[in-house]
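A.B. asks: Encoded as structure tokens, here's the structure I'll be asking about.
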């Protein structure tokens, strides 16, 4: 078989997969649209008449009798459709998005989130990253929405200039990463941490973002006649740049910044391609003092992010309360500014 024939066969396979995926998306859109219409019908009937549990029971019997192969039309399922419609019907921006994700993920978001902002966030994350049910549940349980909203590192300024808000919610590197999936001993070393991350790379990439592609560990760079090694090196397709991770098992120290600056300079001079953006660094520490980080970063122009990690899931209630406090402070500041202007 000639190479050209093989190339053509690969193109045929690509065509088939593309059409299959398009067909699946179309079927899913129609299914979600049906659940939406059904939910609207039930919602309006309940408001306009004496519809109650007895009539819903008769509707369930009707669906079983007339459409026995259709799934989801149990009493619980019908009330979910009603809730689904009533939750999103007044949100013109969000309602078209729900047809782009599976019913299973829609129900997970509907039952596991509070605000409309949080719901919209996870819907868009599902669309952009094609989350499975397990992956979505993990992101919600780890408080990913709250950690994203609370993140405001220095590196984000340079990153947002590159990708812009049109790629929301994939524009931020996080201040806090949850590595609860790592199986580490009590007294672990940096070598243990790196080895465990590599062994759980699929979960690690889910946490840092699916646009990250793993390049290598202990990535060697040579400056002069000396060798230096970057703990983990990734490439980010959205940011279009190399991303260096430096792993630390202790709290952040100011001297970590100069070391990362050195790595990024070497990457930009030796590895960066002409069409790529400047490399980004993430110093991943077991903890950090925000004031120490601020002082250490105040004179640095480097696109470096100092993040901390936790080996246990953070209480989402704590994250939620912290976000509320910040929003309240911002609102009070806006009110004071408006009063001054008046």
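Every number in this text was worked out from the coordinates using simple rules, so none of it is lab data. Predicted model, so just to flag it, every value in this text is computed and none were measured. When we count neighbours, we look across all protein chains shown, and the Cβ atoms used for this are built from the backbone with ideal geometry, even at glycine.
A.B. asks: Taking the highest mean first, how do the peptides 127-137, 234-244 order by number of other beta carbon atoms within 10 angstrom per residue?
C.D. replies: In descending order of packing, they fall as 234-244, 127-137.
A.B. asks: Report the calculated FRET efficiency for residue 62 and residue 24 (r = Cβ-Cβ distance, R0 = 30 Å), to the nearest 0.05.
C.D. replies: After rounding to 0.05, the efficiency reads 0.55.
A.B. asks: To the nearest 10 degrees, how steeply does helix 75-88 sit against the main Cα axis of the chain, on a 0 to 90 scale?
C.D. replies: Once rounded, one gets 60 degrees.
A.B. asks: Hey, another quick one. In a GNM of the chain with a 10 Å cut-off on Cα contacts, which of 317, 210, 253 has the highest mean-square fluctuation?
C.D. replies: With Cα springs under 10 Å in the chain, the top fluctuation among 317, 210, 253 is at 317.
A.B. asks: May I ask you to derive the FRET efficiency for residue 70 and residue 318 from their Cβ-Cβ distance with R0 = 41 Å, giving the value to the nearest 0.05?
C.D. replies: 0.45
A.B. asks: Identify which of 323, 150, 179 has the largest mean-square fluctuation in a Gaussian network model of the chain, with springs joining Cα atoms closer than 10 Å.
C.D. replies: Largest GNM mean-square fluctuation: 323.
A.B. asks: Quick check: pseudo-label points 7 Å beyond the Cα along Cα→Cβ at residue 262 and residue 274, how many nm apart are they?
C.D. replies: Label at residue 262, label at residue 274, 3.1 nm between them.
A.B. asks: With label points built 7 Å along Cα→Cβ from the Cα atoms of residue 89 and residue 240, find their separation and express it in nm.
C.D. replies: 4.5
A.B. asks: Viscosity 1.002 mPa s, temperature 20 °C: what is the translational diffusion coefficient of the chain from Stokes-Einstein with a Kirkwood Rh over Cα pairs, rounded to a whole number of µm²/s? Don't jump to the answer; show the numbers that get you there.
C.D. replies: Numbers: Rh = 23.6 Å.
Rounded, D is 91 µm²/s.
A.B. asks: Quickly rank 217-229, 297-309 as a protection proxy: mean count of other C-beta atoms within 10 Å, highest first.
C.D. replies: Per-residue Cβ counts within 10 Å, averaged per peptide and sorted highest first, yield 297-309, 217-229.
A.B. asks: Here is a further query. Using Cα springs under 10 Å in a Gaussian network model of the chain, which residue among 325, 265, 190 shows the largest mean-square fluctuation?
C.D. replies: With Cα springs under 10 Å in the chain, the top fluctuation among 325, 265, 190 is at 325.
A.B. asks: Report the full-extension gain for the segment residue 46 to residue 205: residue separation times 0.36 nm, less the Cα-Cα distance, to one decimal in nm.
C.D. replies: Difference between extended and current length: 52.7 nm.
A.B. asks: Please compute the length gained on full extension between residue 213 and residue 255, using 0.36 nm multiplied by the number of residues separating them and subtracting their Cα-Cα distance.
C.D. replies: Value of the extension gain: 12.3 nm.
A.B. asks: Mind checking the full-extension length gain between residue 328 and residue 134? Use 0.36 nm per residue of separation minus the Cα-Cα distance, one decimal, nm.
C.D. replies: Contour length minus Cα-Cα distance gives 66.5 nm.
A.B. asks: Evaluate E = 1/(1 + (r/R0)^6) for residue 100 and residue 180, where r is the Cβ-Cβ distance and R0 equals 22 Å; express this FRET efficiency to the nearest 0.05.
C.D. replies: 0.15
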